Amino acid sequence: MNSFYFQNKVLHAESVPVSDLMGAYGSPLYIYSKSQIEFNWQQFEKSFGSHPHLICYAVKANSNLAVLNVLANLGSGFDIVSIGELERVIAAGGNPKKCVFSGVAKTEQAIQKALEYGIYCFNVESVAELDRIESVAASLKMNAPISIRVNPNVDAKTHPYISTGLTENKFGVSVEIALSLYKKTNLSDHLEVFGLDYHIGSQITDISPFLEALDKALELIARLEEEEIYLNHIDIGGGVGVTYDKETPISINDYMHSVIQKVGDLKIMVEPGRSIVGNAGIFVTKVEYLKQNELKSFAIVDGAMNDLLRPALYGSYHQAVTIEDNSKGIKDSWDIVGPVCETADFLAKSRSLTLKQGDYIALMTAGAYGFVLSSNYNSRPRVAEVMVDGSVHQLVRMRETTESLFKNEKILKNETN
Ligand code: LLP
């Protein structure tokens, strides 16, 4: 299924021409497809068959309330990394009892709130964090549900910035430390052993690191059973990589089939983000100027690195297309660059496109880690977000105004006045 497609050389979002959306909501714009989100989530759901499982959508990938609401209505759980994300989930109609709380720096206050909201479990990332959770739970006379995040030291063969399962990364604990944390949890009056989790990285397109990590986790689970410590679930971390350029994604069905074969009756949890929302969103931006010199041709657009950071931060590739047939423009190899005063401010490089001023360019597969990574750098209001459902479309986040950017700021009072 592809909710963004060309019909008569016009890019559509579900059944709506993207140009209609640009006319209605202005530029730049994030556009999401509701049915693509649902379809992607169902791919995970179906792959489990009757095996006990919980899909916990990784909220960090796209935390717009409308997106979370679509997933909550499907019965999804959520992987959160802050109380902000948990409160978004609740505001969007999600169930805190289906939330796992990941992240290396949980504050006392966050732990307390998470316990009060009754989350499914904490994904514990360090010895010190387990101590803190125990003392907060004790002060509330509560029992904290615990999963230990194991760092399996597996190379996910992805971009180093989004590789998380190596000893050199800040995430999780070694197998040996995990073992001691489980023993401690088992003996504690305020901690309860729930599960084991790991996450080795994102945008993974080869199944073998996933299975290698799973094998290491299962070895640890076997050692725990020897100690008579039994888990309710195994959490296999994020989802699979998506197609930005020519990548072939791992089949979710094949992956889950292999996991189910290996884990026996254990409940499986998974925390997909990118593979749920990545291809369910595009970022559309308008050509303000074309500028050519003896070396380069620049399409200067109204969207920038502050709106879509991935190309600047990871050198990521997003396919760039004009939203309508455009034979009257200039055919060239364009660098698509924004208004921000940084050379890193590019959205795409060396793209063969026919362009003229006023054209709209869509950066594809921008639904994950797109808007959420945006900022107000250069005092640029964050852009609007729209969701399409068949032929219906709705604004799901208003475009910010410049006044809203400085509403929390104050000019120093002059003492001498
Ligand atoms: N669970 C945990 C603990 C994670 O840290 C992540 C992503 C996920 C799940 C979701 O992984 P996914 O299914 O999306 O692969 N900003 C980067 C990606 C950072 C991913 C961080 N962790 C990018 O734009 O590529």
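Once each of the trypsin sites (Lys or Arg not before Pro) sitting in a DSSP loop with at most 16 other beta-carbon atoms within 10 Å is removed, the chain keeps 10-140 as its longest stretch. What share of the DSSP beta bridges in the chain is antiparallel, in percent to the nearest 5? The answer is about 50 percent antiparallel.
The magnitude of the dipole of the chain, with charges of +1 and -1 set on the Cβ of Lys/Arg and Asp/Glu and taken from the Cα centre, is near 1000 debye. Beta bridges assigned by DSSP with both partners in the stretch 134-259 are antiparallel in approximately 10 percent of cases. Considering the dipole of the stretch 103-270 built from charges on the beta carbon (Lys and Arg +1, Asp and Glu -1) around the Cα centre, which of Gln261, Ile221, Ile162 is farthest to its positive end? Checking the options against the dipole of the stretch 103-270, the answer is Ile162. Of the solvent-accessible surface of the chain, computed with a 1.4 Å probe and all protein chains present, 50% belongs to carbon and sulfur.
Convert 10 °C to kelvin, take the viscosity as 1.306 mPa s, use the Kirkwood radius over C-alpha pairs of the chain as Rh, and evaluate the Stokes-Einstein diffusion coefficient in µm²/s, rounded to a whole number. For these conditions, the coefficient is 70 µm²/s.
Under 17 Å of direct C-alpha separation, and excluding same-chain neighbours fewer than eight residues apart, Lys98 reaches these lysines: Lys60, Lys113, Lys267. Working from the Cα coordinates of the stretch 103-270, the gyration tensor eigenvalues give, after taking √(5λ), semi-axes of 28, 18, 14 Å in decreasing order. Between Ala110, Tyr25, Gly370, the Cα set farthest toward the positive side of the dipole of the chain (charges on each charged residue's Cβ, about the Cα centre) is that of Tyr25. Cross-linked pairs Lys184/Lys262; Lys141/Lys410; Lys170/Lys407; Lys46/Lys97; Lys184/Lys216: Cα-Cα separations exceed 31 Å for Lys141/Lys410; Lys170/Lys407.
Accessible surface calculations at 1.4 Å, restricted to protein heavy atoms, place the chain at 45 Å² per residue. Taken one residue at a time, the phi angles of the stretch 334-350 give Karplus couplings (6.51, -1.76, 1.60, θ = phi - 60°) of 9, 8, 9, 10, x, x, 6, 7, 8, 5, 6, 7, 9, 9, 6, 10, 6 Hz. Gly and Pro are set to x. Within the full protein context, the accessible area of Leu140 is estimated at about 50 Å² for a probe radius of 1.4 Å. Annotation for the stretch 113-185: GluC sites (Glu not before Pro) lying in DSSP loop with at most 15 further Cβ atoms inside 10 Å of their Cβ are Glu168. Counting charges near Asp245 (Lys, Arg +1; Asp, Glu -1) among other residues having Cβ under 15 Å from its Cβ returns a value of +4.
The values are calculated or read from the model by the stated rules, or taken from the named source; none is laboratory data. Computed from a predicted structure; not experimentally measured. Reconstructed Cβ throughout: ideal geometry from the backbone, glycine too, with neighbour counts over all protein chains shown. Remember, those area values only see protein heavy atoms, side chains included, never the ligands or the DNA or RNA. Shrake-Rupley method; radii C 1.70, N 1.55, O 1.52, S 1.80 Å.
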